[in-house]
There are 2 protein chains.
Amino acid sequence: MVESLSKMPRRIAILGVGLIGGSFALALRQAVPDVFIVGYDRDEVNLAAARQLGVIDRGTAALAQAVQEADLILMAVPVGQMPLLFEQMRPHLNPAAVITDVGSTKVTLVEMARAHLGEAITRFVPGHPIAGAELSGVRAAHPDLFRERTVVLTPLAETSSMSYEWVCRCWESCGAKVEQQTVERHDEIFGIVSHLPHLLSFSLVHDIAVRDDAATLFRHAAGGFRDFTRIAGSNAEMWRDISLANRTVLMAELTRYQDQLTQLSQWLEERDGAALEEFFKRARDARRRWQEER
Amino acid sequence: MVESLSKMPRRIAILGVGLIGGSFALALRQAVPDVFIVGYDRDEVNLAAARQLGVIDRGTAALAQAVQEADLILMAVPVGQMPLLFEQMRPHLNPAAVITDVGSTKVTLVEMARAHLGEAITRFVPGHPIAGAELSGVRAAHPDLFRERTVVLTPLAETSSMSYEWVCRCWESCGAKVEQQTVERHDEIFGIVSHLPHLLSFSLVHDIAVRDDAATLFRHAAGGFRDFTRIAGSNAEMWRDISLANRTVLMAELTRYQDQLTQLSQWLEERDGAALEEFFKRARDARRRWQEER
């Protein structure tokens, strides 16, 4: 069936019309002027806004309606809501529909997809655009959000190459650079460079917030604290879902990180200034190099 | 002797002419137009720049020369260099000279001051302006750096009230708000809201930098990582000194923080989404409130 796919999608279903879903819609609209985009969202007000902004052509809170004629389905809801969507949309899928998502964890999601998608798994191309975060909601959507950004695709053994190529082409038409990784490697990388720092940042703020003298402590927090804890202002439900979905990697990384803190404590105990300086220097040099290379 | 102090200093010695020392000099110059400012620095090029920028009237690499006629001495060198300065300047002090500093740790510094300053300890007013950090060096110095910023002063039992009032007035003339704390409470507060996050940020970057696949990991790091690790680009020697000077607080805080990470790991192990969400929510709410109240 995938053989009948045209070069670009004609009818897209965006499940979850927020910053990412909305920006994908706007970018695709520029690449395929006559595309028809249906938005699915549980929030009717949000759907009305998306229609008004020209992000989608039609909005619906009925999943079956959204997906039944779509040749491309982009799942842009929080990771925790995806399993239910897989299950509910399966009976209504167009037999040629290619499915992709934008979730920031992949291993657990793929397990769910395998459990619920049946033969449609061959047309599922898991994805993760590395963009967004500062703003959210469809009003912040922008056709250039993905320009020069990386989109990681993690095709499965079952994924047909035509489905993969198709999703690849869609992201490239948004201006993104596509990179391929395995599902496991994806979760490991983002567990380390993104999920772990979020947990660490939440933990510092929590550690202060629960104290009797929290108000005094917060009053003395300055610029370093502000930057370190910016990500602790993130959505709690979303980070609950990400943490659970990537729990194996996170448990291992938390242990590894704690071992480092134990090492630091030991050097403090022993007043080992040389070891501390060497540790800080290595981090500082790596951080500065990273900044320069961006 | 302090009884003879005029309302504001006439002759100031700035030991360490960088961002903080230089900005103090520029601000005092606006408040006391005929003040004479001598800068002491081991770096002759830096002294020449400070003279050229009008930050200081005279520069010297000889400590005795810098302090002998000063009625106010501001110590703005890294914390690790202060003990030696106390020792070396003591024989050359003007008997009425009031001494203050800008170090970000106080307990260890005060021990050193007590050991080396002799009777001049009655004119020592430990201080800590909460400003700076983003930039460094005398070229970044600015007379408004301390405007609306807090300066914490931690007078000792020995500190004469006139010395305290005098230093207080100087900082207020820079536009700062002065707050009084005990030496121990100061180190506890800043150990928690500043020193601990620095150690945590250095640790995350180090944790990644030592891996075989560091280049791949860094390549996928994005905005959250950038903010979380900005402070890991800080000066390694300075943070070695601060860590050692505040080691007792930091060891206790690292243990407390690790206990939280152990709790997070356990919730991940048990797949306790409700507990994770509650934890993230409390942190998120506190972080958002902090941001709004600034």
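Just to be sure before I move on: is B:ALA252 modelled with pLDDT of 95 or more, of a type in the set (A, V, I, L, M), surrounded by fewer than 20 Cβ atoms within 10 Å (Cβ to Cβ) and under 21 Å from A:LEU264 (Cα atoms) in the structure I sent?
Numbers: modelled with pLDDT of 95 or more: yes; of a type in the set (A, V, I, L, M): yes; surrounded by fewer than 20 Cβ atoms within 10 Å (Cβ to Cβ): yes; under 21 Å from A:LEU264 (Cα atoms): yes.
It is true that B:ALA252 is modelled with pLDDT of 95 or more, of a type in the set (A, V, I, L, M), surrounded by fewer than 20 Cβ atoms within 10 Å (Cβ to Cβ) and under 21 Å from A:LEU264 (Cα atoms).
Go through (1) facing chain B (nearest Cβ under 7 Å); (2) surrounded by fewer than 22 Cβ atoms within 10 Å (Cβ to Cβ) for A:SER173 and report which single condition fails.
Exception for A:SER173: condition (1).
Residue-by-condition table, conditions (1) hydroxyl-bearing (Ser, Thr, Tyr); (2) over 24 Å from B:MET238 (Cα atoms); (3) in contact with a His (Cβ under 8 Å, 6 or more places away or on another chain):
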position	(1), (2), (3)
B:GLY22	no, no, no
B:LEU53	no, yes, no
B:VAL98	no, yes, no
B:GLU119	no, yes, no
B:SER136	yes, no, no
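Condition test on B:GLY54, is it out of contact with any Asp or Glu (no Cβ under 6 Å at 6 or more places or on another chain) and crowded, with 23+ Cβ neighbours inside 10 Å?
no
Out of curiosity, is A:ASP187 more than 9 Å from chain B (Cβ to nearest Cβ) and surrounded by fewer than 20 Cβ atoms within 10 Å (Cβ to Cβ)?
No, not satisfied.
Return only the number of the condition from (1) in the same structural domain as A:THR108 (by TED's automatic domain parsing); (2) modelled with pLDDT of 95 or more that A:PHE228 does not satisfy.
Of (1) in the same structural domain as A:THR108 (by TED's automatic domain parsing); (2) modelled with pLDDT of 95 or more, only one is false for A:PHE228: (1).
Which residue out of A:ALA13, A:ALA50 is touching a helix residue (DSSP H, G or I) at 6+ places or on another chain (Cβ under 7 Å) and in a helix (DSSP H, G or I)?
Result of the check over A:ALA13, A:ALA50: A:ALA50.
I'd like to check something: does segment A:58-70 contain any residue that is within 21 Å of A:GLU165 (Cα to Cα) and of a type in the set (Ser, Thr, Tyr)?
No, every residue in segment A:58-70 fails to be within 21 Å of A:GLU165 (Cα to Cα) and of a type in the set (Ser, Thr, Tyr).
Name every residue in segment B:245-262 that is in contact (Cβ under 8 Å) with a residue 40 or more places away in the chain and among the acidic types (Asp, Glu), in order of residue number.
B:GLU253
Given the options B:LEU26, B:LEU5, name the one that is at pLDDT 95 or above and over 29 Å from B:LEU244 (Cβ atoms).
Only one candidate qualifies: B:LEU26.
Taking the options A:LEU93, A:LEU63, A:LEU85, A:LEU109, name whichever one is over 20 Å from A:ASP187 (Cα atoms), buried (at least 18 other Cβ atoms within 10 Å of the Cβ) and within 22 Å of the chain's Cα centre (by Cα).
None of the other options fit; the residue is A:LEU85.
Looking at B:VAL38, B:VAL32, B:VAL102, B:VAL55, can you tell me which residue is among the β-branched types (Val, Ile, Thr) and either more than 22 Å from B:ASP144 (Cα to Cα) or modelled with pLDDT under 95 (or both)?
Going through B:VAL38, B:VAL32, B:VAL102, B:VAL55 in turn, the sole match is B:VAL32.
Report yes if A:ALA97 is of a type outside the set (S, T, N, Q) and modelled with pLDDT under 95, otherwise no.
In short, no.
Just to be sure I understand, how many residues within segment A:34-46 are over 21 Å from the mean Cα position of the chain (by Cα) and in a helix (DSSP H, G or I)?
Number of matching residues: 2.
The values are calculated or read from the model by the stated rules, or taken from the named source; none is laboratory data. Quantities reported herein were computed from a predicted structural model and do not represent experimental measurements. No Cβ is skipped: glycine too gets one built from the backbone with ideal geometry, and neighbour counts run over all protein chains shown.
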